[in-house]
Amino acid sequence: MRRSLLFLALCAAGAAHGQSESFQKGAPADASLEELVKAKARSIPGTEIRYVIAGYLQLDTAWTRRQLEGDEKDTFLVSAIPFGDAESGTRASIRASQINALAQMPTAVGELTALMQADLFTYEAGARPNLTQLVARLGDWLGVGKTYSTFMNDEAWPTTLDYNGPSGAVFVRQLIVRGGVSLPARLRLEASVEDPQADAAAEGHGLTASAKAERPDFVARLRYGGERVHAQLAGLSREVVYSAQLPSGSVQRRVSGYGLSASAAIQVADEDRLLLQWNKGQGVSRYFNDGLSGLGTVYDAGGRLEPLRLIGGYLYYERKWAPRWQSVTGVSTLRSDSEGLRPASDLRRIDYVSGNLIHRLSTNLFVGGEVLWGRAERIDSTRANDTRIQLTARYYLY
């Protein structure tokens, strides 16, 4: 118990430092932490190593019109919306609180940066320490460790008070080895080898199925970083072995999966941003922020196992109303057009809508409110929807 209290007392995160980045994830939050190093870093005596430990304590309270199914209720997962009768529910949580530690050291081949990030959001395991990032970067050409996938655009992530965020977005943090090179015309090319994490199992309708990856995922992206536009094109290649057991016998198939993603962050006026993303692929269910299937495969009419074909995306607008006021509003969707035998609990489509208003009360204290709406559609075309209202307070520790 004392260890848990000590961890909570230290809970802090990526120190998104400033007004317009008050609740952001991804590259803007990491960049803010690096700015904090320059302003408030300490040095290890006798070395050139600079470091900072910073983050925030966060309290979320939420009322949900129809309590979500499953163990995870502290974030708004559209895939967990109940299709039967459900009562409303109220939640209070500090699990989104985070702690970050960043260290930097100059070397002959570039600056060496080490980042550690943790929160209390282990989803099914409850409120326990959860390591979200542990990565080392050498200059701008090499990164090794657990961090944002190269398939994700961490520069264009929409800010939501909800921990999980848009259903149709690409969002995953995993073990990677990534290399990159800067090109002319503000372009940058990066490629990585990543942990496939494809082990899964599901059953239903007399079907028992499993999936396993036998090689790493290969990912590449091309980025453009202009003064008012950031854009990214990304591609993903993976290989998954699907196995199924039916009353008529067993079947196994090796499938080459792929993913394509296009995204952009466009500055509008002086401080507003338009954020958009489009994603498509097959055998890449785990890269999406929510899920339609426990396994991500179908048993087609020809007797073959096929990976789900998925299309998802989001459209969000960040608006700064005044120096201390901002809002982020948008929509997201994820759907599959695959036909075949799937468990009854599988979904065909999910939609996610959110809108918030965030206010900076003081240098370190931010408060905000958010309204969320989601709709889930099963493969038999039945639908269910839900609404959540969330209030959040975040206090930064530097």
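Listed values, structure above:
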{"item": "Of TYR352, TYR163, TYR314, the one that fluctuates the most in a GNM where the chain has Cα springs shorter than 10 Å", "result": "TYR163"}
{"item": "Solvent-accessible heavy-atom area per residue, rounded to whole Å², over the chain at 1.4 Å", "result": "45 Å²"}
{"item": "Centre separation in Å (Cα based) which lies between segment 279-324 and segment 104-155", "result": "24 Å"}
{"item": "Accessible carbon and sulfur surface of segment 50-100 relative to its total accessible area, %, 1.4 Å", "result": "51 percent"}
{"item": "0 to 90° range, to nearest 10: angle between helix 27-40 axis and the chain longest Cα axis", "result": "20 degrees"}
{"item": "Under 12 Å from the GLU48 label point (7 Å along Cα→beta-carbon), backbone N, segment 112-129", "result": "112"}
{"item": "Length-normalised contact order of the chain in % [C-alpha pairs under 8 Å, at least 6 apart]", "result": "15 percent"}
{"item": "Equivalent ellipsoid, the chain (semi-axes from 5 times Cα gyration tensor eigenvalues, Å)", "result": "35, 26, 20"}
{"item": "Overall Cα dimensions of segment 319-369, principal axis frame, Å, largest first", "result": "55, 18, 12"}
{"item": "Highest to lowest packing among 255-261, 136-142, scored as the average C-beta count within 10 Å", "result": "255-261, 136-142"}
{"item": "Förster radius 30 Å - calculated FRET efficiency between ALA262 and TRP63, Cβ distance, rounded to 0.05", "result": "0.25"}
{"item": "Most fluctuating residue given options SER332, SER243, SER362, as computed from a GNM of the chain linking Cα atoms under 10 Å", "result": "SER362"}
{"item": "GNM top mover of LEU276, LEU372, LEU222 - the chain, alpha-carbon springs below 10 Å", "result": "LEU222"}
{"item": "Rounded percent of accessible protein surface that carbon and sulfur make up, segment 228-378, 1.4 Å probe", "result": "56 percent"}
{"item": "FRET efficiency, 1/(1 + (r/R0)^6) with R0 22 Å, evaluated for SER345 and TYR123 via beta carbons", "result": "0.75"}
{"item": "Distance between modelled label sites at ARG186 and TRP141, nm, 7 Å Cα→Cβ extension", "result": "2.4 nm"}
{"item": "Rounded FRET efficiency, nearest 0.05, which uses the C-beta distance separating VAL193 from VAL241 and R0 of 25 Å", "result": "0.85"}
{"item": "Volume of the Cα convex hull of segment 308-398, divided per residue and given in Å³", "result": "127 Å³"}
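The values are calculated or read from the model by the stated rules, or taken from the named source; none is laboratory data. Because the structure is a prediction, the values reported are computed rather than measured. Positions of Cβ are generated from backbone atoms using ideal geometry, with glycine treated the same way; all protein chains shown enter the neighbour counts. The accessibility values were calculated without ligands, DNA or RNA, using every heavy atom of the protein model including side chains. Shrake-Rupley method; radii C 1.70, N 1.55, O 1.52, S 1.80 Å.
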